[in-house]
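Here the structure is laid out as structure tokens; the discussion comes afterwards.
The values are calculated or read from the model by the stated rules, or taken from the named source; none is laboratory data. For clarity, every value in this text was computed on a predicted model and none was experimentally measured. Ideal geometry is used to build each Cβ from the backbone, glycine not excepted, and the neighbour counts take in all protein chains shown.
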Amino acid sequence: MDEHFSGGCFCETLPDGRCGGDVELRPAGVFARAPDGQEFLIPYRECQVEIGGFSGKMVFCRGRDRNITIFCEDPRFVRSLSLASSGILDEQLQIGLRKQRGENRRQWVIGTGLLVGIVMACVVGYFAIRAGATAAVMALPISVDEKIGSAAMASMDLGGPRVTDDVVVEAMQSMVDRMAPEAAINGLDFRVSVVQSDVVNAFALPGGSMVVYTGLIENAERPEQVAAVLAHEMSHATLRHGLQRVARSMGIWAGVSMLIGDVGGLIGAGADLFQMATINSYSREQETEADREGVRMLHASGIDPTGMGEFFALLQHEHDEVPEIFSWISTHPDHAARIASVENMIAGLPEQNYEPLDVDWPSVQGRLKNLKTD
């Protein structure tokens, strides 16, 4: 019984040179009938078989003179053709199948290679833009930091009233002024505001605007401990960590924008980002960098840097579980490990004759107590 398949044929006598039609495997050979009634027969012994086409599964049966080609894509056709031809076409069919499998593998390798290449290009491009963005951040003028810091400070809820007592404010400002000449970059105007709150916290905005909470001053045993915290926060500003945070928060488009010189969106996003909930949310790497730079700045300024580790240890010793109001240490994870790290940094410093800060610490803390009783 003849087997019928859906297929078609190519021939110059057809109206468009090709047509779809019914394909039969007859005892005499591969037979096809065109819709216009034309019939084509290719004897098995004259049949030249190729497998390929767009799908890679099309079987082409060509006559010896190659004027007629009958084709079929039915998955059963190869086996049926082998049986109908009594094995005459088996060698050609096997060669065609092997060739097509090799082509499929080649296309898979090429496709996979292209896919991997595209992914790698995207990854490399992403990190290149991020790296470029980081470089672009460091190349931006300080005025960008100042605009972000000023806009953020103007819109922030600081969580308490500003302290206007000159003794307290000038004590904080004097610490910052002593360290500012040793800052990693020039041009930052470090101005300190003191806010009345039990929160043990301090921060520096891009551009140098700083806030110190009275809770930090009240919990410190000596001014060098507060100076160490301020040095750490100043380092975030001098290393421009805040600007980098803004760029990361904006994603890859920040990198593209900065690389083409558009910083308007960066300034707007920075003002929105620097709110109390996220002010200390720096990466672990940035915290370590700020610790190292803070220790360097203290040492270069002739201020005893051991105050940094002391203050960490003080809070940890007095409070087994750091309470929420101790924001500065609670938002800086792994403080025990950081104490050891800071001590190692200090141990590697050259000898220095440290000079005490010109601050009457009992007087400063006493003025804060008076604020609470007023």
I need a count of the residues in the range 25-37 that are within 19 Å of Arg64 (Cα to Cα) and out of contact with any Gly (no Cβ under 8 Å at 6 or more places or on another chain). 7
Within the range 152-197, count every residue that is farther than 13 Å from Thr238 by Cα and either touching a Gly at 6+ places or on another chain (Cβ under 7 Å) or among the basic types (Lys, Arg) (or both). 7
How many of the residues in the range 50-98 are part of a loop (DSSP other than H, G, I, E, B), in contact (Cβ under 8 Å) with a residue 24 or more places away in the chain and closer than 12 Å to Val30 by Cβ? 4
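Kindly evaluate Phe31 against the criterion of being within 22 Å of Gly87 (Cβ to Cβ), surrounded by 16 or more Cβ atoms within 10 Å (Cβ to Cβ) and more than 59 Å from the chain's Cα centre (by Cα). Working first, answer last.
Numbers: within 22 Å of Gly87 (Cβ to Cβ): yes; surrounded by 16 or more Cβ atoms within 10 Å (Cβ to Cβ): yes; more than 59 Å from the chain's Cα centre (by Cα): yes.
So Phe31 fits the description; yes.
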Count - residues of the range 220-247 that are over 20 Å from Ile142 (Cα atoms) and surrounded by fewer than 22 Cβ atoms within 10 Å (Cβ to Cβ): 2
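Just the residues that are under 14 Å from Glu146 (Cβ atoms), of a type outside the set (Val, Ile, Thr) and either without any contact (Cβ under 8 Å) to a residue 40 or more places away in the chain or surrounded by fewer than 21 Cβ atoms within 10 Å (Cβ to Cβ) (or both), please, taken from the range 175-189.
Within the range 175-189, Asn186, Gly187, Asp189 meet the criteria.
Filter the strands (runs of 3 or more DSSP E) completely within the range 1-47 down to those with at least 3 residues that are out of contact with any Phe, Trp or Tyr (no Cβ under 7 Å at 6 or more places or on another chain) and either outside the structural domain of Gly87 (by TED's automatic domain parsing) or at pLDDT below 90 (or both). Don't jump to the end; show me each part of the working.
Details: elements: 3-10, 18-26, 29-33, 39-43.
Correct list: 3-10, 18-26.
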Of the residues Val263, Val295, Val256, which single one is modelled with pLDDT of 85 or more, touching a helix residue (DSSP H, G or I) at 6+ places or on another chain (Cβ under 7 Å) and farther than 23 Å from Val199 by Cα? Val295
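Filter the range 302-322 down to the residues that are modelled with pLDDT under 85 and surrounded by 12 or more Cβ atoms within 10 Å (Cβ to Cβ) and list them by number. Before you say what the answer is, go through the steps one by one.
So in the range 302-322, the residues modelled with pLDDT under 85 come out as 312-322.
Correct list: Phe312, Ala313, Leu314, Leu315, Gln316, His319, Val322.
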The range 48-66, residues that are among the basic types (Lys, Arg) and either outside the structural domain of Leu89 (by TED's automatic domain parsing) or surrounded by 14 or more Cβ atoms within 10 Å (Cβ to Cβ) (or both): Lys57, Arg62
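If you take the residues in the range 281-304 that are of a type outside the set (Phe, Trp, Tyr) and part of a loop (DSSP other than H, G, I, E, B), which one is nearest to the chain's Cα centre (by Cα)? Break it down into steps so the answer makes sense when it comes.
Applying the first criterion (of a type outside the set (Phe, Trp, Tyr)) to the range 281-304 yields 281, 283-304.
Filter again for part of a loop (DSSP other than H, G, I, E, B), leaving 281, 283, 301-304.
On the way: Ser281: 16, Ser283: 13, Ser301: 36, Gly302: 39, Ile303: 38, Asp304: 38 Å.
Here the answer is Ser283.
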Of everything in the range 1-28 that's buried (at least 19 other Cβ atoms within 10 Å of the Cβ) and among the aliphatic types (A, V, I, L, M), which residue is farthest from Arg45 (Cα to Cα)? Val23
Hey, Leu349 under 34 Å from the mean Cα position of the chain (by Cα) and at pLDDT 90 or above or not: no
